[in-house]
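Scroll down for the structure; my scribbles are underneath it.
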Amino acid sequence: MQILKRLLRWILGLAFTGLLLGVAAIGVAYWLVSPRLPSVAVLKDYHMQVPLRVLSADGKLIASFGETRRIPVAIGAVPDRLKHAVLSAEDASFYKHPGVDWHGIARAGWHVVVSGGDKGPGGSTITQQVARNFFLSPEKLYSRKLTEIFIALRMESELTKDQILELYLNKMFLGHRSYGVAAAASYYYGKTLGQLSVAECATLASTFQLPSVVNPLNNPKRMLARRNWVLGQMLENHYINHAEYEQAVAEPNNASPHEPPIEVDAPYLAEMVRLQVLDRLGNDALTEGYVVKTTIQSGRQQAAVDAVRSGLVEYDHRHGWRGPEAHQDLAADASPEELERALAGYTDISGMEPGIVTQVSPGEANIYLANRQSVKLGLDAMSWIHPKSVASLLKRGDIVRLARDDKDHWQLTQIPAAQAALVSVNPEDGSLQALVGGFNFLRSKFNRAVMAARQPGSSFKPFIYSAAFERGFTPASIVNDAPLALPDPSRPGGLWTPSNDDDKFDGPMRLREALVQSKNLVSVRLLDAIGVRYARDYATRFGFSLDSLPNNLSMALGTASVSPMSMARGYSVFANGGYLVTPYFISEIDDRDGKPVYLANPARACRTCAERLLDTRPPGPPPAG
């Protein structure tokens, strides 16, 4: 008996000594690590990375820029069923422990001992996960785990439980570039948090552990097993009753990708906005949740897109059929899977669906589309080509394009070989109303509206006439429309002999008629009379750069090198009564809280302003510079 008491005292002393040594070790570790611990105060006002959003003037989405999907949400806006699902899946005692679950750490330590050093589950609480995701690397090291514990304890002393949970629900990666529960709900279900069912809340909670593997799109079977386990935990913790549990378990997985709907087709303008915002706000512009409001009117933008595309298609059709886009050799018994593989490298281009010809007869062709739809095309669907038979046009294995006409019937078509651009500017202040830089942005990112320097041709003549009127000519002045030969050593025979488009000459005529009929010879004589140097200087008053204007009489025929944007700016001077405006497309930039950080303040022609109405000077372009 005496030996037993002595042994018990020895064991108790040993345990107490071990406890003291453990506390001392933790104290020393904290003393060593504490100077290197980050300040958790930054989490009180932490800004999550939120993509840049670009809106039209009427508030419709044009584009969203950013590598991550994130919709920050306050903890008060998170429904209880979602909070309960996450707590049941990740940390049921979150509101009870001091930031560290000592029992969980003990279990993790025991696992390391019995497994011979395998670093399995770490017993991390939600607070520890927040500490790791904000301040530490994911590598499994004992020193990192110790630092994580100390940061978690410090967080619990400086932040409330709700603040920690809010950071967790907004920060964590949940698969498919979605960060936070609101972004995940939007991507997987196209819903807000308040619209989620209990089963959908459990599904989102299931993705926290292994988001790249256990999510409702990548591995539905594994996700369902995990979701049902989370539902069981919710039932065990009395967050749901048995009837709700049964209903949620029976609910199928109805998740599918939901990209933010682009409401305005303006990718060329969106890229212009991105570059200007980066230049103005720096690299953080794409992650700080800025909202850019543009001057683009969605209705006018769509009309511009339709005009450019339909015009190019009509032009292309007038120049004839160029043949199939490509050809694939097909086996006689090709399966739908083989047809889909043949079409894998082709995508929809502005409503032109790729398809592969599977069967051809003189009067009809069967075409399998990339969307798994089979279409029969007859001669009426190829009327713009005027073929004698379908078989003379197509053969099995041809890759072609189909588009729907205004009656929703499929028609054979082809991607236009030509390109075009369109710019619409409000002449009062220069605000862009619509901009199209080409047929399709994904096919060609070159923005012809602002980058393409082309010869404007006869559309440049009004600027020559305006300069002539400044020199004393009037619309009633008479100039001879007759053949002209001017010295030009660079040409055969040493002469330049311009002519009219129809090679006809009408003799002496008034300038008003010459401009209406676009008479080249009258324009050349007019430019020669006023002088090339004067005309070039005068044209700069319409916004054209001097370098873009040729220093010879060919300028009268429109041989300058200007962009559609420059031409729109120049013509706005005529439209507003003689005032040069500067085109702009960003009206306002707001931060994530809706506060403006930039407001455009453009100069306005102000047709109805009292100062302008009282101005007795004759209208005309502004002075150079």
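The values are calculated or read from the model by the stated rules, or taken from the named source; none is laboratory data. These numbers come from a predicted model, not from an experiment. Note that each Cβ is placed from the backbone with ideal geometry, even for glycine, and that neighbours are counted across all protein chains shown.
Data overview
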item: Residue tally, condition farther than 15 Å from SER178 by Cβ, among the charged types (D, E, K, R) and surrounded by 15 or more Cβ atoms within 10 Å (Cβ to Cβ), over segment 199-250; result: 3
item: Single residue of LEU196, LEU281, LEU269, LEU275 found to be of a type in the set (A, V, I, L, M), touching a residue at least 60 places away in the same chain (Cβ under 8 Å), surrounded by fewer than 23 Cβ atoms within 10 Å (Cβ to Cβ) and not assigned by TED's automatic domain parsing to the domain that holds LEU167; result: LEU281
item: Candidates ASP615, ASP547, filtered to the one that is assigned by TED's automatic domain parsing to the domain that holds ALA514 and out of contact with any helix residue (DSSP H, G or I) (no Cβ under 9 Å at 6 or more places or on another chain); result: ASP547
item: Members of segment 45-54 found to be over 11 Å from the mean Cα position of the chain (by Cα) and either surrounded by fewer than 20 Cβ atoms within 10 Å (Cβ to Cβ) or farther than 18 Å from GLU166 by Cβ (or both), listed by number; result: ASP45, TYR46, HIS47, MET48, GLN49
item: Hey, ALA420 loosely packed, with under 14 Cβ neighbours inside 10 Å, in a loop (DSSP other than H, G, I, E, B), among the aliphatic types (A, V, I, L, M) and touching a helix residue (DSSP H, G or I) at 6+ places or on another chain (Cβ under 9 Å) or not; result: no
item: Some residue of segment 449-468 being in contact with a strand residue (DSSP E or B) (Cβ under 6 Å, 6 or more places away or on another chain), surrounded by 14 or more Cβ atoms within 10 Å (Cβ to Cβ), modelled with pLDDT of 95 or more and within 26 Å of PRO564 (Cα to Cα); result: yes
item: Subset of segment 434-470 [among the β-branched types (Val, Ile, Thr) and touching a Pro at 6+ places or on another chain (Cβ under 9 Å)]; result: VAL450
item: Of all residues making up segment 526-585, the number that are surrounded by 22 or more Cβ atoms within 10 Å (Cβ to Cβ) and among the basic types (Lys, Arg); result: 1
item: Subset tally (residues that are touching a strand residue (DSSP E or B) at 6+ places or on another chain (Cβ under 9 Å) and either crowded, with 17+ Cβ neighbours inside 10 Å or in the same structural domain as LEU167 (by TED's automatic domain parsing) (or both)) for segment 65-91; result: 6
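Residue by residue, here is whether (1) on the phi > 0 side of the Ramachandran plot; (2) touching a Lys or Arg at 6+ places or on another chain (Cβ under 9 Å); (3) part of a loop (DSSP other than H, G, I, E, B) holds:
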{"residue": "ALA403", "(1), (2), (3)": "no, no, no"}
{"residue": "LYS407", "(1), (2), (3)": "no, no, yes"}
{"residue": "ILE415", "(1), (2), (3)": "no, yes, yes"}
{"residue": "GLN433", "(1), (2), (3)": "no, yes, no"}
{"residue": "PHE441", "(1), (2), (3)": "no, no, yes"}
{"residue": "TYR465", "(1), (2), (3)": "no, no, no"}
